[in-house]
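Right, one structure below, let's go through it.
The values are calculated or read from the model by the stated rules, or taken from the named source; none is laboratory data. All values derive from a computational prediction rather than experimental measurement. Note that we place each Cβ from the backbone using ideal geometry, even for glycine, and neighbour counts take in every protein chain shown. Surface areas here come from the heavy atoms of the whole protein model, side chains and all, with no ligands, DNA or RNA. Shrake-Rupley method; radii C 1.70, N 1.55, O 1.52, S 1.80 Å.
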Amino acid sequence: MGGVSIPSPADSAFLRVCRGEARTAGSPADRVPVWFMRQAGRSLPEYRALRGDGTILDAIAKPDVAAEITLQPVRRYGVDAAILYSDIVVPIAAVGFGVDVAPGTGPVTEHPFSSSADLARIRPLEPELDTPYVLETVRILVGELDVPLIGFAGAPFTVASYLVEGRPSRTYARTKALMHGEPELWHELMTRLTDLAIASLRSQVEAGAAAVQLFDSWVGDLSAADYRRFVQPHTARVFAEVGDLDVPRIHFGVHTGELLADLAGTSPDVMGVDWRVPLDIAGERIGPALAVQGNLDPALCLAPWTVVEPEVRRVLAEGARHPGGHVFNLGHGVLPETDPAILERIVEVVHAEPSPGSAGGDAS
């Protein structure tokens, strides 16, 4: 594939940094790895040409289409990892809860979760029966890619928030009211969504995914006390129950600066950081054992290159100060209006920067 220079996914810079493995001068890991959240999608003209009509769930259900969309940014940008083209609501939609993804809005459900009776709408996920198209997409990609494939799932809290609110929310008022007003029901809901996430992630890895990311996009709206009481045990169980698969586990949420230590307590291998907290400060909060991932503000990619380049170098410098290693990424997903040429230039700059501790790099 054009632009891709990594000869083997197993020896990739991305996986080695995620695993905390020592870098060897001259090896493929002798650079900072880079990929972008939402790199497969709306900003690419080739995506818009292929996607056609219908919802994202329609495209995901077509393995040949989903695989091609996953491959497009790898070809164009030369990134160090592919992220599966899918959505965090795929498992809950597949078990028949009644969720769709409305264009321009996000996940919506006509009948939100509101009582114990709604638990019956969340049955266990059987991936080979419920989401065979996802597994087929993964298998196609494993045969096509020469970079690692990242599988993913929605974290229990974020998926729960969509089910309870019925759509994206700015306040999560219904979600918080359920957490505090009916804690037993809340924990049962979270238990079932945790089971879905585990089954989905395990199936993707067993089909060939080389790493996984758990997106808890909206958990940053909680206080640390509420996170520890209502969310952390469930998220920790997700990571624990995929731990035997021996693939790197990445965690990410938005606006989580005050929760980073608690998120790190769920035992991922890599902590994704949004753009609000400098990576070196984030590293102090999570400790030296975990790698950091991030964290260029996606909005900056809409600015001229003369603005973007020094910001990329600033993120690289902050990441270089974290002893656990750094995977370059954005602080959230690629915005639809982003010029792909800017992302191409970002990859070039990141790849030209030696990894800390490598020959020619800053070993201090």
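Largest first, how would Asp216, Asp280 line up by accessible area (1.4 Å probe)?
Working: Asp216 0, Asp280 40 Å².
Ranked list, largest accessible area first: Asp280, Asp216.
Of all alpha-carbon pairs in the stretch 200-337, indicate the percentage at a distance above 18 angstrom.
Working: 5227 of 9453 pairs.
Cα-Cα pairs of the stretch 200-337 separated by over 18 Å account for 55 percent.
Rounded to the nearest percent, how much of the accessible area of the stretch 231-342 (1.4 Å probe, protein heavy atoms only) is carbon and sulfur?
Numbers: 2170 of 3960 Å².
That share works out to 55 percent.
In the full protein assembly as shown, how much of Ile140 is accessible to a 1.4 Å probe, in Å² to the nearest 10?
Its accessible surface works out to 50 Å², give or take rounding.
Taking 1 over the mean of 1/r across every pair of different Cα atoms in the chain, what Kirkwood radius in Å do you get? If you can, show how the numbers build up before the last one.
On the way: mean 1/r = 0.0488 Å⁻¹.
Result for the chain, one decimal place: 20.5 Å.
Run the 1.4 Å probe and let me know the accessible area of Leu196, rounded to the nearest 10 Å².
Its accessible surface works out to 10 Å², give or take rounding.
Assuming 0.36 nm per residue, please report the length gained on full extension of the stretch Ala352 to Asp146 beyond their Cα-Cα distance.
Computed gain between Ala352 and Asp146 is 72.2 nm.
With a 1.4 Å probe and all protein chains in place, put Val99, Val142 in order of accessible area, largest first. Write out the running numbers ahead of the final one.
Values: Val99 20, Val142 75 Å².
Result, largest first: Val142, Val99.
At what distance in nm do the modelled label points of Asp53 and Asp11 sit from each other, each positioned 7 Å from its Cα along Cα→Cβ?
Each label point is offset 7 Å from its Cα along the Cβ direction, giving 4.9 nm.
Let me check I've understood the local charge: for Gly143, count other residues with C-beta under 14 angstrom from its C-beta, Lys and Arg +1, Asp and Glu -1. What total comes out? Present the calculation step by step, with values, prior to reporting the outcome.
Values: positive: Arg139; negative: Asp64, Glu68, Glu136, Glu144, Asp146.
Summing Lys and Arg as +1 and Asp and Glu as -1 gives -4.
Could you compute how much accessible surface Trp305 exposes when probed at 1.4 Å, giving the result in Å² to the nearest 10?
Trp305 has an accessible surface of roughly 40 Å² with all protein chains in place.
Any idea how far apart Lys62 and His180 come out in nm if each label point goes 7 Å out from Cα toward Cβ?
Result for the modelled spin labels: 4.7 nm.
If you find the alpha carbon centre of the stretch 171-188 and of the stretch 236-289, how far apart are they in angstrom?
After rounding, the separation between the Cα centres reads 24 Å.
Compute the length gained on full extension between Ser267 and Ser114: take 0.36 nm times their separation in residues and subtract their Cα-Cα distance, giving the result in nm to one decimal. Write down the numbers at each step before the final one.
Details: separation 153, 0.36 × 153 = 55.08 nm, distance 3.10 nm.
Gain on stretching Ser267 to Ser114: 52.0 nm.
Where the only charges are on Cβ atoms (+1 Lys, Arg; -1 Asp, Glu), what is the dipole of the chain about its Cα centre, to the nearest 20 debye? Please list the in-between numbers first.
Details: 30 positive and 47 negative charges, 78 e Å.
Roughly 380 debye for the chain.
How much accessible area per residue does the chain have, counting only protein heavy atoms and a probe of 1.4 Å, in square angstrom?
Working: 13960 Å² over 364 residues.
For the chain, the per-residue accessible area is 38 Å².
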